[in-house]
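To keep things clear, I will list the structure first and then write my remarks on it.
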Amino acid sequence: MTETVPHITFVCQKNGGKSQMAAALLRDLAGDAVVVTSAGTAPGASLNAQSVESLAEIGVGVGDEHPKALTAAMVEASDVVVVLGSEAQVVVGPGTRLETWITDEPSERGVTGMERMRLVRDDIRARVEDLHRRIR
């Protein structure tokens with residue numbers, strides 16, 4: 001971890017849902033005290049509308065974010081890289097901590113739609129709050 005403002009990068013495969021949610025939640029929680037980026041290993045074309053809607057329900061916006069590809073420069077600039085899910089694979093160098101968050105998947109229990117997205121959001125939110133405590 002650097003002695004300056006910590007840089008956290010959230011990664012998932014498409015960068016349209018979970019990694020964007022985590023980034024928005026940390027930006028909302030930490031403000032300028034943390035540099036936050038998000039990216040995907042195979043980015044899609046747009047953000048998941050239900051992800052954005054579930055964040056809006058709790059007063060968190062995504063701004064002008066959009067799916068983007070993970071680059072080596074993003075990884076190198078990060079103090080912590082958080083991979084959400086098991087699909088994206090990321091290799092980090094010395095000095096960068098790698099965490100993998102396997103979020104409960106409500107659809108495996110038949111929970112769909114906004115109910116599913118709220119559960120995913122709340123799981124990610126709890127993890128983001130824990131990460132925020134650890135990096136301060």
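Every read-out reported here was derived from the displayed coordinates using simple, explicitly stated rules and does not represent laboratory data. From a predicted model like this one, the values you see are computed outputs, not experimental measurements. Every residue, glycine as well, gets a Cβ built from its backbone with ideal geometry; the counts of neighbours run over all protein chains shown.
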Subject >> Extreme residue, positive dipole direction of the stretch 29-112, given options 67, 93, 55 (C-beta unit charges) >> reply: 93
Subject >> Assigned charges on the beta-carbon of Lys, Arg, Asp, Glu; the chain dipole about Cα centre (debye) >> reply: 80
